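One structure is given here, and the rest of the page talks about it.
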Amino acid sequence: MLGGLHLPPKYRGETQIFNVQHSVATWQIWRKPKSVSMFYAMAVSGGGGGGGGHCRAAASAGGGGGSGACSGLATIMLPADLIPDILYVQVGAGGVGGAGSAVTGTSGGNGGNGLNSYISIGHSTAIPMVILASGANAPGGGGGGAVGAAGTAGAVPTVITIAALGPLGRFGFFSNTGTAANAGIVGLIGVAGGAATGANGTAITAGWNVIPFTPGSGGGGIATTTDFTGGAISLQAATEFTDGYLASAVIAAAAAATNGSNGVQIARPLFGTGGGGGGTSNAGVAGNGGNGAIGCGGGGGGSGLTSGRGGNGGNGIVIISAW
């Protein structure tokens with residue numbers, strides 16, 4: 001017997017990763033490789049931006065910024081022969097964090113909403129064209145802190161259902177692990193900022209067993225001369241990934257006048273966290289919220305004499321594999 005004839009043919013798979021371009025409305029092109037028979041795609045939205053903290057006079061009340069919500073995800077697999085040789089991909093950007101301020105009595109700016117990601121047979125997000133979308137409504141941005149109230153949580157994104165896809169999206173195996181029948185995995189709501197009566201920013205526990213993304217945590221609120229921390233982000237349990245070990249405390253609470261940490265990003269397996277919330281500052285500059293990792297929410301800014309801005313939501317991503 002000639003050596004090697006018992007081995008399978010050479011693998012002809014190809015994976016392409018699409019990220020946000022300079023223009024968030026840019027359509028990128030995917031070309032179907034030759035000699036492939038199956039198509040798999042995953043789409044993730046941009047996360048919501050965190051809200052800015054309230055700018056208040058020393059020893060007076062101010063709420064921390066709320067955090068941005070995180071994306072869910074949607075996947076599809078279908079025979080490659082059923083799709084065109086060229087598809088168009090639009091990747092959703094993360095929402096911009098809300099502004100802080102140095103003007104006393106100014107509420108923090110609201111964080112911007114994230115944007116959804118799409119795979120389409122044309123330059124259109126209309127239902128007849130869309131093969132896959134990352135969600136229906138995208139992750140919401142956190143609210144800005146105010147004199148008497150904490151910034152509100154970024155609104156939870158609405159899960160995509162098969163009814164929102166075009167005909168080609170119904171030919172394959174569409175992910176159906178969400179809360180609705182034939183739905184993708186829904187994202188998670190953000191959290192409120194620290195109360196204007198004085199409180200640490202709301203913390204987050206990352207649910208790796210549910211979804212590989214998290215919202216950001218809230219910015220600290222303050223009412224007197226006593227400062228408070230920004231919210232921390234923790235795992236449900238310490239986790240060991242191929243790319244490294246993550247302790248249960250992923251992002252520590254930001255101390256007074258300290259920026260929240262940017263979200264942690266791991267590639268294999270795909271996992272990320274939102275940004276940490278900023279700490280307060282009675283007599284100085286409060287901490288900014290941290291930026292979110294892929295699909296994750298931005299942290300809220302802390303309240304202070306100069307308030308912290310909210311962190312940006314992480315950009316979305318689209319991954320397409322064919323084999």
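Tell me, yes or no, whether region 139-154 has at least one residue that is more than 26 Å from T306 (Cα to Cα) and surrounded by fewer than 24 Cβ atoms within 10 Å (Cβ to Cβ).
No: region 139-154 contains no residue that is more than 26 Å from T306 (Cα to Cα) and surrounded by fewer than 24 Cβ atoms within 10 Å (Cβ to Cβ).
Of everything in region 219-235, what is part of a strand (DSSP E or B), among the small types (G, A, S) and under 19 Å from the mean Cα position of the chain (by Cα)? Give them in sequence order.
Restricting attention to region 219-235, the residues satisfying the condition of being part of a strand (DSSP E or B) are 221-222, 233-235.
From the residues that got through so far, the ones that are among the small types (G, A, S) too are 221, 234.
Answer for region 219-235, where residues must be part of a strand (DSSP E or B), among the small types (G, A, S) and under 19 Å from the mean Cα position of the chain (by Cα): just S234.
I'd like the full set of residues that are more than 14 Å from I317 (Cβ to Cβ), of a type in the set (V, I, T) and touching a residue at least 40 places away in the same chain (Cβ under 8 Å), limited to region 119-139.
If the condition is that a residue be more than 14 Å from I317 (Cβ to Cβ), of a type in the set (V, I, T) and touching a residue at least 40 places away in the same chain (Cβ under 8 Å), then I121, I131 are the ones that fit.
Kindly indicate whether any position in region 98-118 is in contact with a Ser or Thr (Cβ under 6 Å, 6 or more places away or on another chain), among the aliphatic types (A, V, I, L, M) and either free of Cβ contacts under 8 Å to residues at least 60 places away in the same chain or crowded, with 19+ Cβ neighbours inside 10 Å (or both).
no
Give region 269-316 a look and list any residue that's closer than 27 Å to I29 by Cβ, surrounded by fewer than 24 Cβ atoms within 10 Å (Cβ to Cβ) and at pLDDT 95 or above, or say none.
none
Take A267 and tell me if it is touching a residue at least 12 places away in the same chain (Cβ under 8 Å), under 30 Å from E14 (Cα atoms) and in contact with a helix residue (DSSP H, G or I) (Cβ under 7 Å, 6 or more places away or on another chain).
No, not satisfied.
Among (1) under 21 Å from the mean Cα position of the chain (by Cα); (2) under 18 Å from G193 (Cα atoms); (3) assigned to a loop (DSSP other than H, G, I, E, B), there is one condition G295 misses while meeting the rest; what is its number?
Evaluating G295 over (1) under 21 Å from the mean Cα position of the chain (by Cα); (2) under 18 Å from G193 (Cα atoms); (3) assigned to a loop (DSSP other than H, G, I, E, B) leaves (2) as the failure.
Give region 199-215 a look and list any residue that's within 11 Å of L235 (Cα to Cα), part of a strand (DSSP E or B) and modelled with pLDDT of 90 or more, or say none.
I204
Scan region 61-88 residue by residue and report those that are under 30 Å from G260 (Cβ atoms) and part of a loop (DSSP other than H, G, I, E, B). Step through it out loud before you land on a result.
We begin by selecting, within region 61-88, every residue under 30 Å from G260 (Cβ atoms); these are 61-74.
The answer is A61, G63, G64, G65, G66, S67, G68, A69, C70, S71, G72.
Any idea which of (1) assigned to a loop (DSSP other than H, G, I, E, B); (2) within 25 Å of the chain's Cα centre (by Cα); (3) at pLDDT below 95 is the one G97 doesn't satisfy?
Of everything listed in (1) assigned to a loop (DSSP other than H, G, I, E, B); (2) within 25 Å of the chain's Cα centre (by Cα); (3) at pLDDT below 95, G97 misses just condition (3).
Could you identify the single residue in A41, A58 that is in contact with a Leu (Cβ under 9 Å, 6 or more places away or on another chain) and not in a loop (DSSP other than H, G, I, E, B)?
Going through A41, A58 in turn, the sole match is A41.
Can you give me the number of residues within region 122-177 that are within 29 Å of D85 (Cβ to Cβ), assigned to a loop (DSSP other than H, G, I, E, B) and more than 18 Å from the chain's Cα centre (by Cα)?
So the answer is 14.
Determine whether S45 is buried (at least 20 other Cβ atoms within 10 Å of the Cβ), at pLDDT 95 or above, in contact with a Gly (Cβ under 9 Å, 6 or more places away or on another chain) and farther than 30 Å from N282 by Cβ.
For S45, the condition - buried (at least 20 other Cβ atoms within 10 Å of the Cβ), at pLDDT 95 or above, in contact with a Gly (Cβ under 9 Å, 6 or more places away or on another chain) and farther than 30 Å from N282 by Cβ - is met.
The values are calculated or read from the model by the stated rules, or taken from the named source; none is laboratory data. The structure displayed is predicted, hence computed values, not measured ones. When we count neighbours, we look across all protein chains shown, and the Cβ atoms used for this are built from the backbone with ideal geometry, even at glycine.
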